Amino acid sequence: MSVWEERWHPLREEWVIVAAHRQNRPWIGETAERGGEALPPYLPDCTLCPGNKRVSGRVNERYTNTFVFDNDHPCVGLDAPEASLGRSPVLRSRSARGIARVVCYSSRHDLTLAQLPVGEVAQLVEVWQRQYRDLGDRPGIDHVLVFENKGDVVGVSNPHPHCQIYATNFVFKTIETEARVSARHLAQTGRFLFQDVLEAEQADGRRILFENATALAFVPYFARYAYEVYVAPKATRPSAADLSPAEVADFAEALSRVVVKFDNLWRMPFPYVMPLHQAPTDGGDYRSFHFHVEFHPPLRKPDLLKYLAGPEIGGGNFLSDTSPEEKAAELRALPDVHYKSGG
Ligand SMILES: [Zn+2]
Ligand SMILES: [Zn+2]
């Protein structure tokens, strides 16, 4: 029997989403990208291309830039079943209530975020703003997690450029931690923690990848992955929705510079997990939360995966095999024009 509910992990103090009903979702990732063959701009059997029919029977709009729809294989849903009864006070579960959506970045099946013009990246940031407001304002939605998984190696089921949104009835653990430490830092020092990080990075300078009037991109001093990068507005904004139009444009430029450098690193589409870290929407006081995007690249070299093993999975702390300063220097030296556009 397939299980769909949230189960409480009493030792880690966090929810586990059990979504065993999703096992049969479509998978065209490996077959579509095998051998590095060039992808077509439109694929008749892609569930994300404009005008195509999805597994649910719904038909995609004939969109041109971005397109948002409710995920046909949601891990959290408004129609999620009631949770099963736990067998003891420590074995708790509850319904996986929420809304899961998909955001297509472009009508073009063959492009990635790195190949979009900066203006289209800014349009995408505006979609993130609208989605955060729309979903975050709903009762029962405590957090809006936006993330892009890119590349076969992180399990992407379709190379069509897109990200996902999990609007959930709980706050994800990493966000909860960031919110808690940021609030504590403000209470203890009167300063914003992320501002202190930005100041320290700017003072050092070695790990800064890009900077404009209101945004900054850098490899953090405390990076856990090789080529880990943060992109953030300079001012403390709790969510993407709080960025001004000028900040959206600057943020999009910084984001674009980073993903172009990533692709130029090995002259191949660079895989990553890219979450947006935004303040919870559960009604709490999050004025000290500083919105940012994190890139977690799984590869250390083109064919060398950073395996999460004993320290990371077993102990929960990272063992980094690379120097953040060296990795930042590699990225800084790369051209700002995408290699497929002659960079
Ligand atoms: Zn497509
Ligand atoms: Zn973060």
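The values are calculated or read from the model by the stated rules, or taken from the named source; none is laboratory data. A quick note: this is a predicted structure, and the numbers were derived from the prediction, not measured. Because the Cβ atoms are built from the backbone with ideal geometry, glycine has one as well, and the counts that use them run over all protein chains shown. Protein only, heavy atoms only, side chains kept; ligands, DNA and RNA dropped before computing areas. Shrake-Rupley method; radii C 1.70, N 1.55, O 1.52, S 1.80 Å.
Once all protein chains are placed together, SER323 keeps about 40 Å² accessible to a 1.4 angstrom probe.
The solvent-accessible area of ASP72, taken with every protein chain present and a 1.4 Å probe, is close to 40 Å². Remark on HIS162: its backbone amide H falls under 5 Å from those of TYR105, a criterion applied only to residues 5 or more positions apart or on other chains, H modelled at 1.01 Å from N. With 5 Å bins beginning at zero, the pair-distance distribution over Cα atoms of the stretch 220-268 amounts to 4, 18, 23, 20, 18, 11, 5 %.
In this structure the amide hydrogen of ALA215, modeled in the peptide plane, comes within under 5 Å of the amide hydrogens of LYS234, none closer than 5 places in sequence on its chain.
When the charge dipole of the stretch 33-102 is built from unit charges on Cβ atoms (+1 for Lys and Arg, -1 for Asp and Glu) and taken about the Cα centre, the candidate among ASN71, ASN60, LEU48 whose Cα reaches farthest toward its positive end is ASN71.
Helices from the chain with mean Kyte-Doolittle at least -1.0 and a Cα length along the axis of 20 Å or more, per DSSP H: which? Don't skip to the end; give the middle numbers.
Details: long enough: 118-136 (26 Å, -0.36); 173-189 (24 Å, -0.68); 245-266 (33 Å, 0.36).
Sorted by number, the helices that extend far enough and score high enough are 118-136, 173-189, 245-266.
Using the alpha-carbon positions of the stretch 116-190, Rg (one decimal) and Dmax (whole number) come out as 15.7, 46 Å. Counting only protein chain heavy atoms and rolling a 1.4 Å probe, the accessible areas of ASP134, ASP45 rank, largest first, as ASP45, ASP134. Pick from TYR221, TYR307, TYR272 the residue whose mean-square fluctuation is largest in a GNM of the chain, springs joining Cα atoms under 10 Å. Per the Cα network of the chain with a 10 Å cutoff, TYR307 tops the list. A Cα-only calculation for the stretch 57-169 places Rg and Dmax at 16.4, 54 Å. Taking Cβ atoms as reference points and 15 Å as the exclusive limit, the residues near ARG87 contribute a net charge of +2, counting Lys and Arg as +1 and Asp and Glu as -1.
Residues whose amide H falls under 5 Å from that of HIS290, counting only those 5 or more places apart or on a different chain, are absent, with hydrogens built in the peptide plane.
Can you give me the Rg/Rh ratio for the stretch 250-305, using Cα atoms for both radii and the Kirkwood formula for Rh?
Values: Rg = 14.9 Å, Rh = 13.4 Å.
Rg/Rh for the stretch 250-305 comes to 1.12.
Over the chain, DSSP H runs of length four or greater, each weighted -39,500 (n - 2.57), average out per residue to a 222 nm ellipticity of -8000 deg cm²/dmol.
Cα convex hull of the chain: how many Å³ per residue? Present the calculation step by step, with values, prior to reporting the outcome.
Values: hull volume 52.6 nm³, N = 343.
Roughly 153 Å³ of hull volume per residue.
Taking 4.7 Å between C-beta atoms as the pairing limit, the chain has these partnerless cysteines: CYS75, CYS104, CYS163.
Any idea what the relative contact order of the chain is, in percent, if you count C-alpha pairs under 8 Å spaced at least 6 apart? Intermediate values should be presented prior to the final figure.
Working: 686 pairs, mean separation 57.0, N = 343.
Computed over the chain, the figure is 17 percent.
Evaluated at 37 °C with a viscosity of 0.692 mPa s, what Stokes-Einstein diffusion coefficient in µm²/s does the stretch 270-343 have when Rh comes from the Kirkwood expression over alpha-carbon pairs? The estimated diffusion coefficient comes to 209 µm²/s.
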